[in-house]
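A.B. asks: Below is the structure I would like to discuss, written out as structure tokens.
The values are calculated or read from the model by the stated rules, or taken from the named source; none is laboratory data. Note that this is a predicted model, so its numbers are computed, not measured. FYI the Cβ positions are ideal-geometry reconstructions off the backbone, even for glycines, and counts take in every protein chain you see. In case anyone asks, the SASA skips ligands and DNA or RNA and just uses the protein heavy atoms, side chains included. Shrake-Rupley method; radii C 1.70, N 1.55, O 1.52, S 1.80 Å.
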2 protein chains.
Amino acid sequence: MERRNTKVVNVGRVKIGGNNPISIQSMTNTDTKDIESTIKQVIELEQAGCDIVRLAIYDEKCIETIRVIKKYTSIPLVADIHFDYRLAIKSIKAGIDKLRINPGNIGSTQNVQKVVDAAKERNIPIRIGVNSGSIKKDIFQKYGNTPKALGESALEHVRILESLGYEEIVISLKSSDVLKTIEAYKYIAKRVDYPLHIGITEAGTLFEGTIKSAIGIGYLLTEGIGDTLRVSLTDSPLKEVEVGIAILKTLGLKQEGIEIISCPTCGRCDLDLLSIVKEVREKTRHIDYPLKVAIMGCVVNGPGEAKDADLGIAGGRGKVALFKKGEIVGTYPKERAVELLLSSIQELIDKNERYRNYPSLQ
Amino acid sequence: MERRNTKVVNVGRVKIGGNNPISIQSMTNTDTKDIESTIKQVIELEQAGCDIVRLAIYDEKCIETIRVIKKYTSIPLVADIHFDYRLAIKSIKAGIDKLRINPGNIGSTQNVQKVVDAAKERNIPIRIGVNSGSIKKDIFQKYGNTPKALGESALEHVRILESLGYEEIVISLKSSDVLKTIEAYKYIAKRVDYPLHIGITEAGTLFEGTIKSAIGIGYLLTEGIGDTLRVSLTDSPLKEVEVGIAILKTLGLKQEGIEIISCPTCGRCDLDLLSIVKEVREKTRHIDYPLKVAIMGCVVNGPGEAKDADLGIAGGRGKVALFKKGEIVGTYPKERAVELLLSSIQELIDKNERYRNYPSLQ
């Protein structure tokens with residue numbers, strides 16, 4: 001997996017593209033005019049690990065919300081704007097860090113010029129966001145509802161900005177069809193070197209949306225495509241962040257906290273594995289010390305399959321074997337499983353200066 | 001996505017490989033000796049859409065369970081056996097449809113010959129299942145814990161079976177590391193034309209395991225690799241099947257039932273979208289008529305983004321627009337959203353003879 005080479009743009013304190021970490025975005029689903037609820041959600045998102053938050057800016061009153069949020073937190077904010085270039089300019093003046101607006105949809109070249117001038121002045125990048133629903137008529141007629149149509153639509157918007165000498169650009173090309181989305185990003189990745197914002201749009205409920213997003217975003221990142229991501233779910237935006245983090249961790253693109261590998265249990269299992277896993281997961285959720293912990297039902301595959309793990313247990317005949325880095329270090333009654341895991345994790349954490357002041361796990 | 005060309009093997013009524021549908025497998029987590037619980041779970045799995053069920057066969061008493069289950073259902077069964085070749089032969093005699101056993105781990109060539117003879121007689125395929133934990137010492141020393149080591153381990157087992165003239169082979173190469181798993185399957189896919197059983201082992205809890213499995217299995221299927229799959233979760237095997245089905249549906253490899261595409265909601269949304277989506281999902285879960293239904297919070301992207309959908313609604317100012325195949329057909333009070341969706345789905349179902357006798361949706 002070699003990451004695609006891109007330009008870098010600045011979104012407040014976060015850099016998108018190049019070798020910068022893949023940033024996680026989400027979008028508030030409060031009414032943006034409701035300042036109190038919106039700030040609350042922005043702060044919750046930041047605490048959950050979100051790097052950049054987008055707000056729907058749909059009328060004048062939303063601008064005030066940007067101003068107020070900026071007083072409370074430094075998390076980069078994106079204004080999501082459709083059609084109205086004046087809201088874009090006002091958002092920039094209110095302190096927004098990035099715009100999501102399609103220059104081909106805001107009227108005359110003069111309008112676009114005004115937005116670009118304001119963006120240049122404060123070095124605000126613009127995300128061009130093309131979805132299946134916003135493909136222009138002539139392109140749709142030429143290419144149908146295809147990945148190429150998504151790509152060509154984006155390129156049309158790109159050319160408008162480039163013709164005005166503006167290149168602080170991020171591009172997204174989303175469809176609710178995962179394979180179409182993948183093809184569209186492959187298409188654009190070959191043609192420009194702007195950083196890409198990836199995701200599956202209208203992915204659906206937590207269950208289905210998680211699976212669609214994991215497949216689509218996971219595929220693209222594995223191919224080295226994508227510089228910032230948003231998981232789109234018909235659910236709390238906090239869930240979007242949680243899924244985004246899990247995708248990055250799975251691909252080794254974010255190393256934080258305890259990774260638990262655990263077997264699916266089968267007829268050979270004589271531990272209550274699920275409750276052990278749940279308890280250890282719950283009690284270590286606040287830890288960002290990077291550790292791989294294996295919790296295995298039986299000795300058939302247990303220690304062997306968990307060779308990669310820093311520590312783990314494997315069940316068998318009423319007992320559990322505790323192993324560290326693949327070596328068995330002792331055998332104990334199975335009732336002690338959770339305690340053994342937690343104390344062994346604690347021991348490793350204690351060895352590391354940086355993490356020594358965590359609250360004790362037990 | 002062109003599917004890799006493979007041999008075809010028969011597992012009872014299911015064919016694996018070639019152009020046959022990607023089959024979904026799971027494994028019971030009851031004690032196999034507990035006949036009643038195991039049969040109950042096998043039947044639940046079959047009803048949930050599982051194509052092939054695996055059982056841990058770890059002693060003589062498990063053989064009786066195979067015999068009894070075979071009287072109650074025709075779902076193909078796989079015996080999961082470690083080391084003991086006699087259990088493999090007894091499983092075949094009891095009516096098992098496939099073995100999962102690694103020929104390099106069952107002792108002398110004579111032992112392997114006996115298993116192969118019994119398998120040949122009833123045309124029972126053998127799955128060679130290599131996991132990170134079961135890489136042989138010499139291969140591990142040569143290649144480390146790498147994708148190549150997984151691949152070469154499998155090839156060693158393959159050569160044992162081929163030398164005995166046996167080619168009814170399925171191969172799996174699982175690791176809990178998604179990228180390593182992907183590389184291992186790519187490695188073996190280039191070297192043999194046996195069908196591949198894909199999955200991520202020890203993927204973890206429902207949340208993390210779903211994401212890991214969706215990324216790994218999704219990537220491989222998108223690349224045309226994989227003929228049967230198992231999602232491995234530390235949770236109910238029924239959940240494994242549910243996730244497997246959702247992965248196949250996402251990639252257009254299984255077309256059944258109502259697919260709901262719905263937006264993530266934002267500050268522009270004035271519908272209680274989540275509850276509408278949940279109610280429609282709940283009331284249409286039993287339907288296997290293939291339909292794409294869009295449920296969108298606002299008119300900015302609504303009908304446009306849902307061009308692909310058979311029908312849908314988009315909210316706005318206390319009303320919902322109902323659209324069919326991208327065309328708005330009417331505007332109604334938003335309280336009627338669920339009723340409109342269900343009656344429109346019903347209408348389409350009623351048009352189709354095959355589905356006419358479904359229980360009414362409302």
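A.B. asks: When the range A:19-42 is examined, which residues are found to be exposed (fewer than 15 other Cβ atoms within 10 Å of the Cβ) and within 17 Å of the chain's Cα centre (by Cα)?
C.D. replies: Across the range A:19-42, the qualifying residues are A:ASN19, A:PRO21.
A.B. asks: Which of (1) more than 24 Å from B:ILE182 (Cα to Cα); (2) more than 7 Å from every other protein chain (Cβ to nearest Cβ) is the odd one out, the single condition A:THR228 does not satisfy?
C.D. replies: Exception for A:THR228: condition (1).
A.B. asks: Filter the range A:124-148 down to the residues that are in contact (Cβ under 8 Å) with a residue 40 or more places away in the chain and either among the polar types (S, T, N, Q) or exposed (fewer than 15 other Cβ atoms within 10 Å of the Cβ) (or both) and list them by number.
C.D. replies: Scanning the range A:124-148 gives A:ASN131, A:SER132.
A.B. asks: Still on this structure, I have one more. Of all residues in the range A:237-286, which are in contact (Cβ under 8 Å) with a residue 24 or more places away in the chain and among the hydroxyl-bearing types (Ser, Thr, Tyr)?
C.D. replies: Within the range A:237-286, A:THR250, A:SER262, A:THR265, A:THR284 meet the criteria.
A.B. asks: Of the residues A:ARG67, A:ARG3, A:ARG13, which is outside the structural domain of A:THR234 (by TED's automatic domain parsing), open to solvent by 50 Å² or more (accessible area, probe 1.4 Å), over 16 Å from the mean Cα position of the chain (by Cα) and not acidic (Asp, Glu)?
C.D. replies: One residue alone meets the criteria, A:ARG3.
A.B. asks: Out of the range A:289-316, which residues are within 28 Å of the chain's Cα centre (by Cα), facing chain B (nearest Cβ under 9 Å) and at pLDDT 75 or above?
C.D. replies: A:LYS292, A:ALA294, A:ILE295, A:ASP308, A:ALA309
A.B. asks: Something else: Mind listing whichever residues of the range B:203-221 are more than 7 Å from chain A (Cβ to nearest Cβ), touching a helix residue (DSSP H, G or I) at 6+ places or on another chain (Cβ under 7 Å) and open to solvent by less than 10 Å² (accessible area, probe 1.4 Å)?
C.D. replies: The answer is B:ALA203, B:SER213, B:GLY216, B:ILE217, B:LEU220.
A.B. asks: Give, as residue ranges, the strands (runs of 3 or more DSSP E) completely inside the range B:230-341 that count at least 1 residues that are surrounded by 20 or more Cβ atoms within 10 Å (Cβ to Cβ).
C.D. replies: It comes to B:258-262, B:291-296, B:311-316, B:319-324.
A.B. asks: Does A:ILE200 meet the test of being within 13 Å of another protein chain (Cβ to nearest Cβ), assigned to a helix (DSSP H, G or I), crowded, with 24+ Cβ neighbours inside 10 Å and among the hydrophobic types (A, V, I, L, M, F, W, C)?
C.D. replies: Spelling it out, it is not the case that A:ILE200 is within 13 Å of another protein chain (Cβ to nearest Cβ), assigned to a helix (DSSP H, G or I), crowded, with 24+ Cβ neighbours inside 10 Å and among the hydrophobic types (A, V, I, L, M, F, W, C).
A.B. asks: B:GLU121 fails exactly one of the following numbered conditions: (1) within 12 Å of chain A (Cβ to nearest Cβ); (2) farther than 23 Å from B:PRO237 by Cα; (3) open to solvent by 20 Å² or more (accessible area, probe 1.4 Å). What is the number of that condition?
C.D. replies: (1)
A.B. asks: Follow-up question, since we're still on this one. Please indicate, with yes or no, whether at least one residue in the range B:168-185 is more than 9 Å from chain A (Cβ to nearest Cβ), in contact with a strand residue (DSSP E or B) (Cβ under 8 Å, 6 or more places away or on another chain) and open to solvent by 20 Å² or more (accessible area, probe 1.4 Å).
C.D. replies: yes
A.B. asks: Hey, another quick one. Just to be sure before I move on: is B:ASP117 modelled with pLDDT of 95 or more and within 22 Å of the chain's Cα centre (by Cα) in the structure I sent?
C.D. replies: So B:ASP117 fails the test.
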